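No lab work stands behind these numbers, since they all come straight from the coordinates. The shown structure was predicted, so the numbers you read here are calculated from the model rather than taken from an experiment. Ideal geometry is used to build each Cβ from the backbone, glycine not excepted, and the neighbour counts take in all protein chains shown.
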Amino acid sequence: MSAAGRKKQEEAIAPREPVDRDEQLLVRAAWLSYVGGMTQAQIANRLGLNRIRVNRMLAQARDQGVVQIRINSRITNCVALEERLREHYDLAEVIVVPTPPHRDLIPQTIAAAAGPALSERIHEGMSIGIGWGRTLRLSVKSVAVRPVSGLNVVSLLGTLTGSTVLNAYETASRFADLFDARCHYFAAPIFADTEETRDLFLRERILREALDQASKVDIAFVSVGPVGRDTTNFQLGVIDEGDLSSLAKAGAVGDLCAHFIDANGELVDHPLNRRVIALPPKALRDIKTVILASGGMDKVAVLRAALRLGVVNVLVTDEKAAEGILTER
């Protein structure tokens with residue numbers, strides 16, 4: 001046998017440094033917990049220890065890297081984004097859903113999560129303010145129906161002159177029907193023809209009462225829209241090509257409660273904002289819970305603006321939009 005071979009054989013049979021007793025216990029406890037699925041009480045009984053020591057050992061195993069936890073799930077990144085958004089914008093809750101493969105599926109994907117988020121916050125005697133948009137309309141389908149007495153539903157903005165399922169009143173009305181609740185709405189268009197007409201509307205007692213009710217709801221369920229040809233506002237003829245151009249020049253990134261805001265969430269100086277009949281965005285600050293449900297890369301700028309305004313408590317959005325929001329500009 002060669003010298004190299006003898007050395008290798010000697011190393012193989014040489015006594016190894018004994019493993020420390022405490023290390024043995026730590027590794028066994030970690031294995032029994034994370035692989036064996038045993039409770040701390042069961043581990044304590046198996047190893048002849050008390051539960052307090054087992055608890056400390058498991059914490060030590062994580063701290064020292066003996067145990068490394070990896071979560072394999074398609075929503076792992078969503079959970080991480082939720083925490084970053086919650087901390088960055090001081091939100092009570094954030095729900096981030098995986099972005100679907102097709103853009104057209106984004107509203108219903110967000111709606112499937114937004115409906116339950118609203119449902120779990122509804123209690124007897126509450127007033128719920130409802131905005132408008134495709135995501136909010138679809139969210140109604142995911143709301144859990146149960147007996148809730150004394151519920152009031154309030155539309156947060158004016159209506160369209162033509163009947164459509166995307167009409168603010170229609171969304172509020174459908175939601176109210178789920179709970180056999182009273183529904184209050186603005187008996188006026190979203191945008192008056194002129195500032196003078198808007199002022200006339202707001203002198204009416206019924207409009208002043210509607211605004212007062214909207215400002216005092218317990219929960220506001222709202223969405224946002226960008227400035228562009230693919231928006232609900234444009235497709236339904238609420239705004240036209242000229243408005244799109246002038247809004248962009250005024251620095252608008254989108255609308256919140258039909259009010260057009262800039263990148264910091266402030267109202268832009270534009271005629272539409274002087275003709276709108278809806279609850280002003282800053283009035284949302286006085287509402288205990290404001291749930292914003294919206295997503296899609298085209299809405300990143302207006303979502304970020306709404307969050308900067310500081311009126312939102314709960315955000316429901318999709319993964320790609322969440323990543324975009326956190327990429328500050």
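Across segment 120-149, the residues whose backbone nitrogen lies under 15 Å from the label position 7 Å along the beta-carbon direction of Gln108 are 134-143.
Treating r as the C-beta distance of Glu209 and Gln64 and R0 as 56 Å, the FRET efficiency rounds to 0.30. Between the alpha-carbon centers of segment 268-329 and segment 172-227, tell me the distance in whole angstrom. Centre-to-centre (Cα) distance: 18 Å. Here Arg28 and Glu83 are evaluated by their C-beta separation; at R0 = 22 Å the FRET efficiency comes out at 0.10.
Maximal additional length on extending the Ser173-Asp230 stretch stands at 18.0 nm, based on 0.36 nm per residue less the C-alpha distance.
Over the Cα atoms of the chain, each weighted equally, I'd like the Debye log10 I(q)/I(0) at q = 0.13, 0.14 Å⁻¹, rounded to two decimals. Log10 of I(q)/I(0), two decimals: -0.93, -1.04. Among the trypsin sites (Lys or Arg not before Pro) in segment 282-315, those located in a DSSP loop and surrounded by at most 14 other Cβ atoms within 10 Å of their own Cβ are Lys288.
Treating r as the C-beta distance of Asn50 and Met297 and R0 as 45 Å, the FRET efficiency rounds to 0.25. With N counted as the residues of segment 209-329, its alpha-carbon radius of gyration over 2.2 N^0.38 Å works out to 1.01. Structure remark: mean-square fluctuation, Gaussian network model of the chain, C-alpha springs under 10 Å; the largest value among Leu307, Leu49, Leu178 belongs to Leu49. Our coupling estimate for segment 255-263, obtained by passing each phi through the Karplus curve with A = 6.51, B = -1.76, C = 1.60 and θ = phi - 60°, is 10, 10, 6, 6, 9, 8, 10, 8, 4 Hz, Gly and Pro reported as x. Within segment 29-137, the GluC sites (Glu not before Pro) that combine a DSSP coil assignment with at most 10 other C-beta atoms in a 10 angstrom radius are Glu120, Glu124.
Applying a DSSP loop filter and a limit of 16 other Cβ atoms within 10 Å to the trypsin sites (Lys or Arg not before Pro) in segment 202-252 leaves Lys216, Arg229.
Near the amide H of Ser155, within less than 5 Å, lie the amide hydrogens of Ile130, His184, Tyr185, Phe186, all on another chain or at least 5 residues away, with H placed in the peptide plane. For segment 238-252, backbone phi angles converted through the Karplus equation (6.51, -1.76, 1.60; θ = phi - 60°) give residue-by-residue couplings of 5, 10, 10, 4, x, 5, 4, 5, 6, 5, 4, 5, 7, x, 6 Hz, Gly and Pro being listed as x.
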